[in-house]
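Colleague: My questions all concern the structure below.
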Amino acid sequence: MSTILKKTELASKIWQIEVEAPRIAEKALPGHFVVVMADAFGERVPLTIADFDRQAGTITLVMMVVGASSLKLSRLEEGDEFYALIGPLGHPSEIKPLDRVVMVAGGVGAAPIFPIARAYQQQGTEVVTVQGARSADLLFWTDRLASVSVEHVITTDDGSAGRRGLVTEPLAEQLAADSEKRIGGVYAIGPTPMMKFCAKTTEPFCVPTVVSLNSIMIDGTGMCGGCRVTVAKKTLFTCVDGPEFDGHQVDWDSLMSRQRTYHTQEGFAFGRMLAEPAPLNENILLRQNEEV
Amino acid sequence: MKKSDKTGRVAMPEQPPEVRIRNFDEVPLGYDDEQARTEASRCLQCKKPSCRDGCPVQVDIPAFIGLIAEGRVLEAAAKIKEDNCLPAACGRVCPQEIQCEGRCVLAKKGTPVAIGNLERYAAHYASDHAARHGLGPFVTPAPPTGKRVAVVGAGPSGLTVAGDLVRRGHDVTVFEAFHKAGGVLIYGIPEFRLPKRIVQEEVEYLAALGVRFELNHVIGKAISVHELLEKEGFDAVFLGVGAGLPSLMGIPGENLGGVYLANEYLTRVNLMRAYDFPRYDTPIVRGRNVCVIGGGNVAMDAARTARRLDAEQVSIVYRRSVDELPARAEEVHHAQEEGIHFKTLCSPLEYLGDDRGMVKQVRCQIMELGEPDASGRRRPVPVPGKEATLDADLVIIAIGGNANPIVTRQTEGLALNKHDYITIDENGATSVPGIWAGGDIVTGSATVILAMGAGRIAAQDIHRFLCERN
Ligand SMILES: Cc1cc2nc3c(=O)[nH]c(=O)nc-3n(C[C@H](O)[C@H](O)[C@H](O)COP(=O)(O)OP(=O)(O)OC[C@H]3O[C@@H](n4cnc5c(N)ncnc54)[C@H](O)[C@@H]3O)c2cc1C
Ligand SMILES: Cc1cc2nc3c(=O)[nH]c(=O)nc-3n(C[C@H](O)[C@H](O)[C@H](O)COP(=O)(O)OP(=O)(O)OC[C@H]3O[C@@H](n4cnc5c(N)ncnc54)[C@H](O)[C@@H]3O)c2cc1C
Ligand code: SF4
Ligand code: SF4
Ligand code: FES
């Protein structure tokens, strides 16, 4: 169980990992996430279930290397097992009966947004996807997203693919052009500032906007309270009350300052791990004897 | 060897405060054989032992203490184990002063027999002996009955149920959400108070008896409780999922960086070993000025942990006075010795942050004691216009919690009380046939021994149910 069956580098530092997890696959729905640990020394890292295959009993994770723990996870090879893998956690996405939705994916957000877009497309909703990345080589799953969309717009910061600029521009255009008010909802998943600005963009149009918050987590089951966020002036726990929330009600500054809590320490750990020469598994063997 | 006076209790040797605030090793060091015998011989072997009524599981206290006094320590350990499967833990964490020792006849003179210390000694002696002489399990399980029991949650209540039922020949599987078994004993109570090895040993012992541990399984998510009964082939389910869900006060600034709920702070340090960062990957904020909000065991654990993580000043901010602190007396005493400051009659109004969104101060209301409330304790009332502002770069909120909803919300037909805790009958049975419950998820945050007692009662009834079923 929790064996890595397949690992592919989709783009620089972005890995697609297919994991054997029959019990999780059986219950997984769009919007669910898992918590994983690379080894006995690892952090508990939340990752969205980007796809699942109930028949094969597998789930697909897509992870960007941003720090020590994601780096460590990315070093696990096919055939290795996660030390821990739990899920499916959180509320699944609520797939509402809408005429048209706009899905905005920033960077690695393309993965978690895909199963939601697909669920909308399968129920007959017209899906417009706006996919953004820093540059062309960081784009992935464009074909998958295109296959479930009536319209698929790509933006890059440097113009190396699609339009030059930010995802909020095509988003605003879509809403402005929607004179018949057919767009019943917007989803924005990606880096926190991107989600914040998407929510700001849709606010004047009064279109319900769902964001998937990535607060720092430990247990993922509502026990620790570390993942708390302020939404509509109330404190909620991302892992059990979310991870999807009304983007117009999120206190973004509070979320971002909580995400920065371990900035210095994580930076140090990342540097240390980048420099660590031995392959991960040998480290585990070496260090196993020390474990109490 | 130290003896307080002729009739007094034999004091337990401890790491001195200035040493122990630099490590996470256990504070009390345990009795040696002679100290234990001396202390045991103070017991009057009462005909009607009131101490026993004070123990929630009615350990036969005079009997086991008598055996220690005679040097028959292995038998003493076996005697305790008849009623309490985790004496090494209970000897350390039970609030003895309001339980067994509080009811000892010698308590009136202020020198009750050190029952907890002796319990701990007997347990340690037995496991030490077993380690050296390779003694097998105390009991051999009964022949297999072919009946399967699922235990949800590997805390003290769940472990007790698992142990009692595996001994009776049932096939027991424990499902635990975390990657380690033990519940609060592993992720909540710090190493310096309850070494993880003790809990680990009990879990290994249960595994040796045949209990299967399915870690990393959140019941109610991957598998529902009803599926355990209907699809996974279990004949009975015990829910021991604990209280979970920490509370907040709902005051401004609670979500600033550097403001922790105690569950998160303690889980990072204990389960994830953040004190050993960066060898372990999980980080923790190390504050210089730490404010801990609350006055229970959880608050003491958080404060003493912060002290060990380089804090210069740690204050317990508590709205009543020292006399009302709900924590075990020993924890308060140890905290005081370690230089923890008690800022009593003080209640937070607001947390103030810096421009980076990190906490920097706590604005507090000064209180005074008014009329007694329903619990008989004097109610704290605000002194109008009197406030205090404390510097704090780390705040830990330890003001209790609510019912863990993951299992209860998803289990159809399960009767809950108005606070969402599970309702059970006197045998631990819930409103759903085939499902029992016990521990903190029934009582709200309570104690280790009460959770174990609840597990014992439920196990008895589950056993009866399984025998009748055919
Ligand atoms: C419900 C949920 C689902 C998620 N799904 C995915 C996913 O499918 N794919 C994926 O790549 N990531 C996902 N994330 C984010 C992922 O958990 C973090 O990237 C990871 O924990 C970072 O760990 P690290 O040690 O490698 O980085 P750190 O060293 O902890 O952090 C490096 C940088 O990332 C920032 N950061 C830290 N934690 C988070 C976080 N939780 N979210 C965003 N930024 C963070 C830090 O501020 C820092 O700048 C998800 C997060 C949540 C809460
Ligand atoms: C910091 C702290 C200090 C304490 N100090 C003392 C003390 O000194 N003395 C004392 O007597 N008591 C103390 N207590 C209280 C005592 O620890 C608890 O009353 C006791 O542990 C309750 O036992 P339990 O079996 O009901 O639940 P827990 O110990 O809470 O165990 C529940 C287990 O169930 C698991 N679980 C939860 N949901 C699921 C799910 N859906 N699926 C699978 N598994 C699940 C949890 O991960 C956990 O491992 C303290 C508590 C804390 C938090
Ligand atoms: S189990 Fe607790 S209350 Fe009972 S005798 Fe032992 S220490 Fe005292
Ligand atoms: S009440 Fe005290 S003296 Fe009497 S039997 Fe119990 S422990 Fe011994
Ligand atoms: S991650 Fe612990 S409560 Fe959400």
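Colleague: What's the long-distance tail for the stretch A:100-212, i.e. % of Cα pairs beyond 16 Å?
Modeller: Distances greater than 16 Å cover 52 percent of the Cα pairs.
Colleague: Round to the nearest 0.05 the FRET efficiency obtained for A:ARG23 and A:HIS91 when R0 = 22 Å and r is the Cβ-Cβ distance.
Modeller: Working: r = 19 Å, r/R0 = 0.85.
Result of the calculation: an efficiency of 0.75.
Colleague: Gain in length, B:GLN45 to B:LYS109, computed as 0.36 nm per residue apart minus the alpha-carbon separation, to one decimal in nm?
Modeller: Numbers: separation 64, 0.36 × 64 = 23.04 nm, distance 1.66 nm.
Going from the current span to full extension adds 21.4 nm.
Colleague: May I pose another question? Take peptide A:222-234, look around each residue's Cβ out to 10 angstrom, count Cβ atoms belonging to other protein chains, and average those counts.
Modeller: Values: counts 8, 17, 14, 16, 8, 1, 7, 1, 2, 0, 0, 0, 1.
Taking all residues of A:222-234 together, the mean is 6.
Colleague: Then there is this: Excluding residues on the same chain fewer than 8 positions from B:LYS360, give the lysines whose Cα lies under 20 Å from its Cα.
Modeller: Within the straight-line cut-off, B:LYS360 pairs with B:LYS343.
Colleague: With an 8 Å Cα cut-off and a minimum separation of 6 or more residues, compute the relative contact order for chain A in percent.
Modeller: Details: 612 pairs, mean separation 47.1, N = 292.
Computed over chain A, the figure is 16 percent.
Colleague: Express in nm, to one decimal, how much length is gained between B:ILE98 and B:ARG469 on full extension, taking 0.36 nm for each residue of separation and deducting their alpha carbon distance.
Modeller: Numbers: separation 371, 0.36 × 371 = 133.56 nm, distance 4.08 nm.
Gain in length upon complete extension: 129.5 nm.
Colleague: Now for a separate question. Enumerate the amide H contacts of B:ALA311 below 5 Å, restricted to partners 5 or more residues apart or on another chain; note that Pro and chain-start residues carry no placed amide H.
Modeller: none
Colleague: Where does the Debye-calculated log10 I(q)/I(0) of the stretch B:153-266 sit at q = 0.09, 0.16, 0.19 Å⁻¹, using only Cα point scatterers of equal weight, no solvent?
Modeller: -0.30, -0.81, -1.02
Colleague: Regarding the stretch A:1-143, what are the three Cα extents along the principal axes, ordered largest first, in Å?
Modeller: 47, 36, 22
Colleague: Ok, one more. Hey, what number do you get for the protein assembly as shown at 222 nm if only DSSP H runs of n ≥ 4 count, each worth -39500 (n - 2.57), divided across all residues, to the nearest 500? Intermediate values should be presented prior to the final figure.
Modeller: Working: 28 runs with 248 residues, N = 762.
Roughly -9000 deg cm²/dmol at 222 nm, from the helical runs in the protein assembly as shown.
Colleague: For the stretch B:17-133, I need the span (max minus min coordinate) of the C-alpha atoms along each principal axis, in Å, sorted largest to smallest.
Modeller: Taking max minus min along each principal axis of the Cα atoms, the stretch B:17-133 gives 43, 36, 25 Å.
Colleague: State which entries of B:LYS47/B:LYS108; A:LYS72/A:LYS233; B:LYS231/B:LYS418; A:LYS96/A:LYS181; A:LYS27/A:LYS200 exceed 25 angstrom in Cα-Cα distance in the structure shown.
Modeller: On the way: B:LYS47/B:LYS108 18 Å; A:LYS72/A:LYS233 36 Å; B:LYS231/B:LYS418 31 Å; A:LYS96/A:LYS181 16 Å; A:LYS27/A:LYS200 34 Å.
Cα-Cα > 25 Å for A:LYS72/A:LYS233; B:LYS231/B:LYS418; A:LYS27/A:LYS200; rest within.
Colleague: Can you tell me the mean projection area, over all orientations, of the convex hull of the protein assembly as shown's alpha carbons? Units nm², please.
Modeller: Numbers: hull surface 142.0 nm².
Taking a quarter of the hull surface, the average projection is 35.5 nm².
Colleague: Related question: How high is the relative contact order of the stretch B:248-397, in percent, with contacts defined as C-alpha pairs under 8 Å that are six or more residues apart?
Modeller: Details: 319 pairs, mean separation 42.1, N = 150.
The normalised contact order for the stretch B:248-397 reaches 28 percent.
Colleague: On a full-extension model of 0.36 nm per residue, what is the gain between B:ASP310 and B:GLU412, subtracting their alpha-carbon distance, rounded to one decimal in nm? If you can, show how the numbers build up before the last one.
Modeller: Working: separation 102, 0.36 × 102 = 36.72 nm, distance 4.78 nm.
Extra length available between B:ASP310 and B:GLU412 comes to 31.9 nm.
Colleague: Would you mind telling me which residue in A:LYS233, A:LYS96, A:LYS13 has the biggest mean-square fluctuation in a Gaussian network model of chain A, where springs connect alpha carbons within a distance under 10 angstrom?
Modeller: A:LYS233
Colleague: Using +1 at the C-beta of Lys and Arg and -1 at the C-beta of Asp and Glu, which of B:GLY155, B:LEU229, B:LEU390 has the Cα lying farthest in the positive direction of the dipole of the protein assembly as shown?
Modeller: Positive-end residue among those listed: B:LEU390.
Colleague: Stick to the Cα atoms of chain A, pair each with every other, and give me the Kirkwood hydrodynamic radius in Å at one decimal. Present the calculation step by step, with values, prior to reporting the outcome.
Modeller: On the way: mean 1/r = 0.0509 Å⁻¹.
Over chain A, the inverse of the mean reciprocal pair distance is 19.6 Å.
Colleague: R0 = 35 Å: FRET efficiency of A:THR235 with B:ASP33, Cβ-based, nearest 0.05?
Modeller: Working: r = 53 Å, r/R0 = 1.52.
About 0.10, to the nearest 0.05.
Colleague: Separation between the B:ASP373 and B:LEU349 pseudo-spin-labels, each 7 Å from Cα along Cα→Cβ, expressed in nm?
Modeller: Going from the B:ASP373 label point to the B:LEU349 one covers 2.0 nm.
Colleague: Still on this structure, please answer the following. So if we plug the beta-carbon distance of B:GLN15 and A:ASP137 into 1/(1 + (r/R0)^6) with R0 = 60 Å, what FRET efficiency do we get, rounded to 0.05? Could you put the intermediate results ahead of the total?
Modeller: Details: r = 57 Å, r/R0 = 0.95.
Rounded to the nearest 0.05, the efficiency is 0.60.
Colleague: Other chains near B:254-264: what is the mean number of their Cβ atoms within 10 Å of each residue's Cβ?
Modeller: Working: counts 5, 10, 4, 9, 3, 4, 4, 5, 2, 7, 10.
For peptide B:254-264, the averaged partner shielding equals 6.
Colleague: Can I ask one more? Using a 10 angstrom cutoff on alpha carbons, build the Gaussian network for chain A and name the most mobile of A:PRO92, A:PRO112, A:PRO30.
Modeller: Checking each option, the largest mean-square fluctuation is seen for A:PRO92.
Colleague: Quickly work out the B:SER247-to-A:ALA172 label distance, labels modelled 7 Å from Cα along the C-beta direction, and quote it in nm with one decimal.
Modeller: 4.7 nm
Colleague: Among B:206-217, B:445-456, how do they line up from the highest to the lowest mean number of other beta-carbon atoms within 10 Å?
Modeller: Answer by packing, highest mean first, reads B:445-456, B:206-217.
Colleague: In terms of the Cα gyration tensor, with a ≥ b ≥ c the square roots of its eigenvalues, is the stretch B:409-452 rounded because a/c is under 1.5, prolate because a/b exceeds b/c, or oblate?
Modeller: Working: a/c = 2.25, a/b = 1.43, b/c = 1.57.
Taking the square roots of the gyration eigenvalues as a ≥ b ≥ c, the stretch B:409-452 is oblate.
Colleague: A follow-up question, please. Considering amide H positions built from the backbone, and no H for Pro or chain starts, which residues 5 or more places from B:GLU214, or on another chain, come under 5 Å of its amide H?
Modeller: It is B:VAL174, B:PHE175, B:GLU176, by chain and number.
Colleague: When Cβ neighbours within 10 Å are restricted to other protein chains, what is their mean count per residue of peptide A:255-266?
Modeller: Partner Cβ neighbours, averaged per residue: 5.
Colleague: Would you mind checking the stretch B:291-324 for residues with the amide N under 15 Å from a putative spin-label position 7 Å along Cα→C-beta of B:VAL383?
Modeller: In the stretch B:291-324, the label zone of B:VAL383 (backbone N under 15 Å from the point 7 Å along Cα→Cβ) covers B:318-322.
Colleague: Of the residues A:SER69, A:SER212, A:SER12, which exhibits the maximal mean-square fluctuation in a Gaussian network model of chain A defined by a 10 Å Cα contact cut-off?
Modeller: A:SER12
Colleague: Please express the shape of chain B as an equivalent ellipsoid: the semi-axes are the square roots of 5 times the eigenvalues of the C-alpha gyration tensor, given largest first in whole angstrom.
Modeller: On the way: eigenvalues 253, 179, 90 Å².
Listed largest to smallest, the semi-axes of chain B are 36, 30, 21 Å.
Colleague: Still on this structure: Given axes a ≥ b ≥ c from the Cα gyration tensor, I'd like to know whether the stretch B:248-397 is rounded (a/c under 1.5), prolate (a/b larger than b/c) or oblate. Mind dumping the intermediate values first?
Modeller: On the way: a/c = 2.12, a/b = 1.39, b/c = 1.53.
It comes out oblate by the Cα gyration axes.
Colleague: Still on this model: Can you give the relative contact order of chain B as a percent, counting alpha carbon pairs under 8 Å and 6+ residues apart? Write out the running numbers ahead of the final one.
Modeller: On the way: 972 pairs, mean separation 69.9, N = 470.
Here the relative contact order equals 15 percent.
We did not get these values from a lab; they are worked out from the coordinates using the rules stated. These numbers come from a predicted model, not from an experiment. Every residue, glycine among them, receives a Cβ derived from its backbone with ideal geometry; neighbour counts consider all protein chains shown.
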